[in-house]
Amino acid sequence: MSNVPVTGEVSNSKLAAVFDSARSARAAAEAVAEALGLQPAQVQVITPDEPRADARLEPESHGIWRTIVLAHMRLGILGGIVAGLVFALLWMLDVPFISRSPQAAGLVMVGFGIVAGLFLGGLVVLRPDHDRYIQATHDAMDARRTTVVVHAFSTEQQKAAGEFLAARGGEVTRTL
C-alpha cells in the first residue's frame, strides 16, 4: 500500500524549521535547497509579517478534495477487504456465530470494516499531524522569528532536510 498514496497531495511530508533571524533562515533555505536539490517551490521562508502564511504552509488546497475522495475510497475498500479476510478466517475456523449464519455475519463484518475504513479516511483528511507543524510556525511568527518550511516529496527527503536545518540551528517540527 506504500506505493498507493492515500492523499491527493504531492507533498505529504512537511517540516518547519524556526530560526531567530530572517537572515539565517534565508541562508539556511538557500543552502538546504542547493544541498538536497529541492525545487524552489518546495522551500518557503515565512517571516513574522507574512500575510499569507497559511497558504504557504499548506499550498495544495486544491488537493484536499482529491484527498477526501481518495482517502475515504481507498481506506473504505481496504477496511472491507480486511474484514472479509477476518470473516473467511473465522469461517474456516468454524466459529459458531459465523458458521450458523455466514451471510449475515459476512455482511455485518464487511459493513463494519468499510465503516472503520471510512473513519480512518476521515482521520487522514483531518491531518492531525499538521497541527504541530502549523502551530510551530504561528508561534514563531508571534515571537518575531522566521521559519523555513520544506514541502518534501518523501519521508527520506524530509528527514534529510530536517537534519540539515537542525545542524544550522533551526528548531525543526515535522509532520508524520
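We did not get these values from a lab; they are worked out from the coordinates using the rules stated. No experiment lies behind these values; they were computed from the predicted model shown. Neighbour counts are summed over all protein chains in view; Cβ atoms, including those assigned to glycine, are modelled from backbone coordinates with ideal geometry.
Here, the chain yields an orientationally averaged convex hull projection of 12.0 nm² when only Cα atoms define the hull. Note on the chain: with a GNM built from Cα contacts shorter than 10 Å, the maximum mean-square fluctuation among S21, S99, S154 falls on S99.
Evaluate the Debye formula for the range 67-116 with equal point scatterers sitting on the alpha carbons, no solvent, and hand back log10 of I(q)/I(0) at q = 0.22, 0.25, 0.30 Å⁻¹, in q order, two decimals. Rounded to two decimals, the profile gives -0.69, -0.81, -1.01. Distance between the modelled labels on M92 and F153, one decimal in nanometres: 4.1 nm (7 Å Cα→Cβ projection).
The dipole here belongs to the range 49-122: it is taken about the Cα centre, uses +1 on the Cβ of Lys and Arg and -1 on the Cβ of Asp and Glu, and is about 360 debye. Between M73, M92, M109, the GNM of the chain built on Cα springs shorter than 10 angstrom shows M92 fluctuating the most.
Using Cα springs under 10 Å in a Gaussian network model of the chain, which residue among S101, S24, S13 shows the largest mean-square fluctuation? Per the Cα network of the chain with a 10 Å cutoff, S101 tops the list. Pairs of Cα atoms nearer than 8 Å and 6+ residues apart set the relative contact order; for the chain it is 46 percent. For the chain, the longest principal axis of the alpha carbon atoms and the long axis of helix 63-92 meet at an angle near 30°. Listed values for the range 132-139 are Karplus-derived 3J(HN,Hα) couplings in whole Hz (6.51 cos²θ - 1.76 cosθ + 1.60, θ = phi - 60°), namely 5, 4, 5, 5, 4, 5, 5, 4, and x replaces Gly and Pro.
About its Cα centre, the range 20-85 has a charge dipole of approximately 280 debye under the convention of +1 per Lys or Arg Cβ and -1 per Asp or Glu Cβ, with nothing else charged.
Evaluating kT/(6 pi eta Rh) at 20 °C and 1.002 mPa s, with the Kirkwood radius of the range 133-176 over Cα pairs in the Stokes-Einstein relation, gives 196 µm² s⁻¹.
Considering helices alone, the calculated mean residue ellipticity of the chain at 222 nm is -20000 deg cm²/dmol, with DSSP H runs of length four and up weighted by -39500 (n - 2.57) and normalised per residue. Angle of helix 102-126 to the longest C-alpha principal axis of the chain, folded into 0 to 90 degrees and rounded to 10: 10°.
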